Amino acid sequence: MNEKTLRALIEAGAIRKVRIIADGSLFHVEVDTSVTTVTATTLAGSIKTWSTLDTCAKWVRGLGLGVAQINLARWTPDQRGLRL
């Protein structure tokens, strides 16, 4: 789900929970609605990722959300990612 769609859901009050998920050295955002769980994507359709927690949190805050759950269970900060 891209940013434009997420903003529309936020304005409609359809967002239940927001999670910032760490996976390797990257972070992504998952959003729970009343029906399903979706992952934030780019306009091209790939998963939107961030390399630092603060940039991801700033993006979530920029959407107008003040509360997010952070899952760091799979975070390996020293791992280098492959740029494909």
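Name the pairs whose Cβ atoms lie under 6 Å apart, with the first residue in the stretch 8-22 and without any contact (Cβ under 8 Å) to a residue 24 or more places away in the chain, the second open to solvent by less than 60 Å² (accessible area, probe 1.4 Å), and 6 or more positions between them or separate chains?
Filtered contacts from the stretch 8-22: 14/33; 16/32.
Which of the residues belonging to the stretch 1-36 are farther than 23 Å from residue 54 by Cβ and in contact with an Asp or Glu (Cβ under 9 Å, 6 or more places away or on another chain)?
16, the sole residue that qualifies.
Suppose the filter is at pLDDT 95 or above and among the aromatic types (Phe, Trp, Tyr); does residue 75 pass it? Talk me through it step by step, then tell me what you get.
Details: at pLDDT 95 or above: no; among the aromatic types (Phe, Trp, Tyr): yes.
No: the conditions fail for residue 75.
Pairs only if they're at least six apart or on different chains, beta carbon under 7 angstrom, first in the stretch 25-48 and among the aromatic types (Phe, Trp, Tyr), second in a strand (DSSP E or B); list them, first residue then second.
What qualifies is 27/20; 27/21; 27/50.
The values are calculated or read from the model by the stated rules, or taken from the named source; none is laboratory data. Small disclaimer: the values here were computed from a predicted structure and weren't measured. Quick reminder, even Gly has a Cβ in these numbers, built from the backbone with ideal geometry, and neighbours come from all protein chains shown. For the accessible areas, the whole protein counts, side chains as well, though only heavy atoms, and no ligand, DNA or RNA atoms are used. Shrake-Rupley method; radii C 1.70, N 1.55, O 1.52, S 1.80 Å.
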